[in-house]
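A short worksheet on the structure shown next.
The values are calculated or read from the model by the stated rules, or taken from the named source; none is laboratory data. Predicted model only: the values in this text are computed from it and were never measured. As a convention, Cβ positions derive from the backbone with ideal geometry for all residues, glycine included, and neighbour counts pool all protein chains shown. The protein model used for the area step is the full one, side chains on, heavy atoms only, and it has no ligands, DNA or RNA in it. Shrake-Rupley method; radii C 1.70, N 1.55, O 1.52, S 1.80 Å.
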Amino acid sequence: MPIHIDIVSAEGAIFSGEADMIFAPAKMGELGIAPRHAPLLTHLKPGSVRVQTGGEEKLFYVTGGILEIQPHLVTVLADSALHAHELDEAAALEAREKAREALEGRGGEIDLEAAQAALVEAEARYQAAQKLKAKHTRL
């Protein structure tokens with residue numbers, strides 16, 4: 001028996017469908033969700049949401065948000081979300097470098113918390129793009 005998943009963001013619905021297994025980047029680490037999972041509400045950090053059905057896997061990138069799990073329904077309320085194929089590896093790498101420069105203080109005065117958050121998001125976006133690239137290379 002599969003579990004239903006809805007991935008939505010402020011931009012609109014990203015995905016709705018059935019899954020055998022779901023993996024999400026919760027604040028305290030990656031979370032694996034199978035059908036009939038115990039109810040849970042947690043924050044998401046930037047990273048990949050993987051939706052496995054049969055032998056295939058769909059990848060999505062979220063910048064954070066809220067994850068609600070019910071025994072037969074998973075809802076990802078993302079701050080922002082993309083299909084993995086929409087990720088731009090070069091842009092993610094550039095954003096990561098800019099965030100690192102900001103943390104080093106090369107841009108004048110810095111907001112340390114904002115610079116750290118930007119680096120975490122850029123790093124997660126780059127890693128998600130790398131995973132997608134590796135997956136397509138194997139196919």
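One table, with the values for the structure above:
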item: Neighbour net charge for residue 30 - beta-carbon separation under 11 angstrom, K R +1, D E -1; result: +3
item: Rough spin-label spacing in nm, given labels placed 7 Å along Cα→Cβ, for residue 90 and residue 56; result: 2.9
item: Approximate spin-label separation residue 70-residue 36, in nm, with each point projected 7 Å along Cα-to-Cβ; result: 1.8
item: Nonlocal amide H pairs with residue 49, under 5 Å, H built at 1.01 Å; result: 60, 61, 62
item: Residue 58 accessible area, 1.4 Å probe, all protein chains in place, Å² to nearest 10; result: 70
item: Karplus-derived 3J(HN,Hα), 6.51/-1.76/1.60, for each residue of the stretch 51-65, Hz, glycine and proline x; result: 10, 9, 9, x, x, 10, 10, 9, 10, 9, 10, 10, 8, x, x
item: Whole-Hz ³J(HN,Hα) from phi, Karplus 6.51 cos²θ - 1.76 cosθ + 1.60, for the stretch 94-99, glycine and proline x; result: 5, 5, 5, 5, 5, 5
item: Residue 42 accessible area, assembled protein chains, probe 1.4 Å, Å²; result: 40
item: Long-range HN-HN contacts of residue 73 with modeled amide H, under 5 Å; result: 4
item: Where labels lie 7 Å past Cα in the beta-carbon direction, separation of residue 97 and residue 13 in nm; result: 4.0
